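Below: the structure, in structure tokens.
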Amino acid sequence: MKVLVVNTGSSSIKYQVFDMKDETVLAKGLLDRVGIAGTVLVHEPQGKEKVTIKHDLSDHTSGMQLVLDVLAHPEYGCVSSLEEISAVGHRVVHGGEHFSASVIIDEAVKQVVKDCFDIAPLHNPPNLMGIEACQLLMPNVIHVGVFDTAFHQTMTPENYIYALPYDVYEHYKIRRYGFHGTSHEYVAYRAAEMLGKPYEDCKIITIHLGNGSSMAAIADGRVVDTSMGFTPLEGLVMGTRCGDLDPAIVYYLMDKLALDSRQINDYLNKKSGMLGISGVSSDLRDIIAAAAEGNGKAQLALKIFCNRVKAYIGNYLAKLNGCDCLVFTAGIGENGYDIRESICENMDWLGIKMDVEKNRVRGEEVDFSAPDSRVRLLVIPTNEELMIARDTLRLASAGQR
Ligand code: ADP
């Protein structure tokens, strides 16, 4: 069975086609600047030359049509006809409290995605546009929704209720949701395989460090806690997001800088974090390079970044009463061995001891624990698209609605 995985943003469509017989990627690509002048599609078919197509497109439906044309193109396509694609898996950021697993998309599911527009205004509207464009162009296949929030729905109230009057939860559904669920789930299952233990018997701390970063504490096959909250702004320090903050700073800054609610949202989401502290860049490679050249703010930003991850490791070790392993993943977690080293140093009292030499790898699966480390230290490259494709295959094969 061939499965198309689609991730639609406000002006982009990312896609991958999998042959689920052996989970190989037949093609992948990115259509960028949809609805903005200069639309460009970069398509990478397996075993063939990469193709770049420039073609201004006004909306997601025409964007999706171009992607489908390219997938079945006689020269650089990856299927001889679109009939070969049996199901489409859609990444959806927010499913509120409604979904604790992936689902086949019907009208009721789309209504929930719409109901969550309010709490995910940047993500859910384009996600729905992508679903509707695909359904229009591929009406006869099963479409599956895979939600970033679903994996974290096993949290219990003491971990998801904020210390606000309880009725804001009841009326506005203000609570911790958590994000990056597909990534945390993928690496947690793989970690259990590496540990050689049933997943349900493992205590795992997953550390997803990318442009957006989050952590999760997992025990007995359930997420106990996660660092992102009502929105992806809470928790770790990120490329441009501040993470945890004294909430009083928000209204103080609104006053001092004369910012309205939209502007303060922008300030905390796009101008803060590593970019804000360092003044250099949101990209960790740039910050590491600046720090190496002696830039004091870049050095400080790196210390704050690692310090926050350490603090969450402590938090989660206490909540889980110890753990089997820490798992590092995503762009920084997989590649930034110096960052992993800074995070894991001086934690031997907690049973965390690394092998510095084994840690010196980028983008590879590795166990870099020292032989006497009580906690195994793993790097596992994430693969959210494969996780979406697997869920899509499972639901499409069962054909359940
Ligand atoms: P996204 O959240 O957009 O999916 P990624 O998971 O691709 O992000 O991670 C992007 C981050 O990974 C960037 O900050 C980038 O600097 C960082 N990164 C990539 N390679 C390295 C490296 N070799 N060392 C440190 N950081 C890296």
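Some observations on this one:
- In region 260-270, residue nearest to Glu234 (Cα to Cα) [restricted to those that are surrounded by fewer than 17 Cβ atoms within 10 Å (Cβ to Cβ) and more than 16 Å from the ligand (Cβ to nearest atom)]: Asn265
- Odd one out for Val187, checked against (1) within 16 Å of the ligand (Cβ to nearest atom); (2) within 19 Å of Val92 (Cβ to Cβ); (3) assigned to a helix (DSSP H, G or I): (2)
- When each of Ile352, Ile339 is tested for being farther than 30 Å from Phe147 by Cα, modelled with pLDDT of 95 or more and not charged (D, E, K, R), the lone residue that passes is Ile352.
- Strands (runs of 3 or more DSSP E) wholly inside region 1-104 that include at least 2 residues being free of Cβ contacts under 8 Å to residues at least 24 places away in the same chain and either within 20 Å of the chain's Cα centre (by Cα) or buried (at least 20 other Cβ atoms within 10 Å of the Cβ) (or both): 12-19, 24-32
- Among the residues of region 371-382, the ones that are more than 16 Å from the ligand (Cβ to nearest atom) and either in a strand (DSSP E or B) or surrounded by fewer than 15 Cβ atoms within 10 Å (Cβ to Cβ) (or both) come to 6 in all.
- Pair list, Cβ under 9 Å, 6 or more apart: region 234-261 residue polar (S, T, N, Q), other residue surrounded by 15 or more Cβ atoms within 10 Å (Cβ to Cβ) and in a loop (DSSP other than H, G, I, E, B): Thr240/Asn211; Thr240/Ser272; Thr240/Ser282
- Residue that is nearest to the ligand (Cβ to nearest atom), among those in region 272-286 that are surrounded by 14 or more Cβ atoms within 10 Å (Cβ to Cβ) and among the charged types (D, E, K, R): Asp283
- Any hit, region 190-207, residues being in a strand (DSSP E or B), away from the ligand (no atom under 16 Å from the Cβ) and not hydrophobic (A, V, I, L, M, F, W, C): yes
- Applying the set (1) more than 24 Å from the chain's Cα centre (by Cα); (2) surrounded by fewer than 14 Cβ atoms within 10 Å (Cβ to Cβ); (3) within 16 Å of the ligand (Cβ to nearest atom) to Ala289 leaves exactly one unmet item: (2).
- When Gly210, Gly243 are checked against the criterion of being closer than 22 Å to Ala311 by Cβ, within 16 Å of the ligand (Cβ to nearest atom) and surrounded by fewer than 19 Cβ atoms within 10 Å (Cβ to Cβ), Gly210 stands alone in meeting it.
- Test: residue in region 349-358 that is surrounded by 15 or more Cβ atoms within 10 Å (Cβ to Cβ) and farther than 24 Å from Asp201 by Cα: yes
- Output for region 305-331, where each listed residue is within 14 Å of the ligand (Cβ to nearest atom) and either of a type in the set (S, T, N, Q) or farther than 15 Å from His184 by Cα (or both): Phe305, Cys306, Val309, Thr329
- Of the criteria (1) assigned to a helix (DSSP H, G or I); (2) surrounded by fewer than 17 Cβ atoms within 10 Å (Cβ to Cβ), which one Leu122 fails: (1)
The values are calculated or read from the model by the stated rules, or taken from the named source; none is laboratory data. Please read all numbers here as calculations on a predicted model, not as lab measurements. Every residue, glycine as well, gets a Cβ built from its backbone with ideal geometry; the counts of neighbours run over all protein chains shown.
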